[in-house]
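This report refers to the structure that appears directly beneath it.
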Amino acid sequence: HLSASYMIGFNGQAADCPTTVHGLQSIFQEQEMTETVHDTEGHGYLATFIGKNGRLVILRVTAHGLLTIDLQCCEGDNIVQVENLLNTLEEKLRSLLHGNIKRVKRLPALTRGAAVDRYWPTADGRLVEYDIDRVVYDEDSAYQNIKIMHSQQFGNILILNGDVNLAESDLPYTQAIMGRGQENYAGKEVLILGGGDGGILAEAVKLNVYIDQMVIDGCRTHMRKACGSVLDNLKGECYQVLVEDCVPVLKKYVEEGKTFDYVINDLTAVPISTAPEEDSTWEFLQLILDLSIKVLRPTGKYFTQGNSANLTETLALYEEQLGRLSCPVDFSKEVVCVPSYMELWVFYTIWKK
């Protein structure tokens, strides 16, 4: 089942609710729509109009001057007729409200139940409609749902558990989490945590470095513009990919005294929750931070993403966590625009004092 929802919003002086609802009745009667009106006890009116062709109109009039019309229709409905109905309603309301209108806003259709989901939230809670036209990969691993969806603008996009992770166009993300080209990786040992999309590994291999990477496998077929051929084999001339839990491997490196010039953490963003004592993700983040700093050489650097630049409270909380590690650290941060995220993203560089 596929449906679309169109909305018109009017904001102005307080409307005469009964008069407004009554004034629109003739339009809906012409559409052969059945009417039900609900009085919300001094808070305005809610009216529904149901048509034989599956159309549904929800009319909401508040006592504060906000009036919204939500028109829902099913797949196959005549779009020209729908647009004409919306135009007629808008013209009638302008007449009924006698020009006492501050703002009129008509929103494009929100499609529900489509085979391809085009709506994904940003980290700071905004809903973005992508130009996604097909799903190229959709599987559940033991840990998460993995989707790869094609966007005409961004190429294939990796989405894990509903979070946009990386698109083939997101080289700025990869460059930012590797130090923006300001680091000399030649002859260095690099540990990449996560990075299952292969983007970081592909860029690092171009620089001819040695890498020991923990990854989740998933993108070698459908994200080749991001990872190239580096995921075709789990071991290359200058890298090795370990598909396993990174925590015991990190603990083993600590016990063995194994250290690295760079640790790049691409496992997870800083949690949106601001209550670390109630969020296991914060505990996981703290554990990874502490273990990573322990395997970092004295002159080494730790790179990681933060989260949306708009989430100032959670980023501040993350920076507080940096003061609670097993050894003192300093840090710097940079804000980068990641194309497919459609928002500014914060990246951190951390080093031992």
Next item on the list: Leaving ligands, DNA and RNA out of it, rank V136, V247 by accessible area with a 1.4 Å probe, largest first.
Entry: V136, V247
Check: Cβ under 12 Å from E83's Cβ, E83 left aside: what net charge do those residues give with Lys, Arg +1 and Asp, Glu -1?
Finding: -1
Next item on the list: Add +1 for every Lys or Arg and -1 for every Asp or Glu among the other residues with Cβ under 13 Å from the Cβ of R94, and state the total.
Entry: +2
Check: In debye, nearest 20: dipole of the range 63-123 around its Cα centre with unit charges on the Cβ of K, R (+) and D, E (-)?
Finding: 380 debye
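Expressed as a rounded percentage, what relative contact order does the range 69-164 have, with Cα pairs under 8 Å and six or more residues apart?
Numbers: 86 pairs, mean separation 13.7, N = 96.
Dividing the mean separation by the residue count of the range 69-164 yields 14 percent.
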Check: What is the spin-label model distance, in nm, from H38 to E129 if the labels are put 7 Å beyond Cα along the C-beta direction?
Finding: 2.6 nm
Margin query: Let me check I've understood the local charge: for N11, count other residues with C-beta under 10 angstrom from its C-beta, Lys and Arg +1, Asp and Glu -1. What total comes out?
Written below: +3
Margin query: Once each part is reduced to its C-alpha centroid, what is the distance from the range 106-160 to the range 285-308 in angstrom?
Written below: 30 Å
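Let me check something: with ligands and nucleic acids excluded, how do V135, V164, V270 order by accessible area (1.4 Å probe), largest to smallest?
On the way: V135 60, V164 25, V270 5 Å².
The most accessible residue leads, giving V135, V164, V270.
The values are calculated or read from the model by the stated rules, or taken from the named source; none is laboratory data. Treat the numbers as computed from the prediction; the structure is a model and nothing was measured. Note that we place each Cβ from the backbone using ideal geometry, even for glycine, and neighbour counts take in every protein chain shown. Keep in mind that these areas ignore ligands, DNA and RNA; they rest on the heavy atoms of the full protein, side chains included. Shrake-Rupley method; radii C 1.70, N 1.55, O 1.52, S 1.80 Å.
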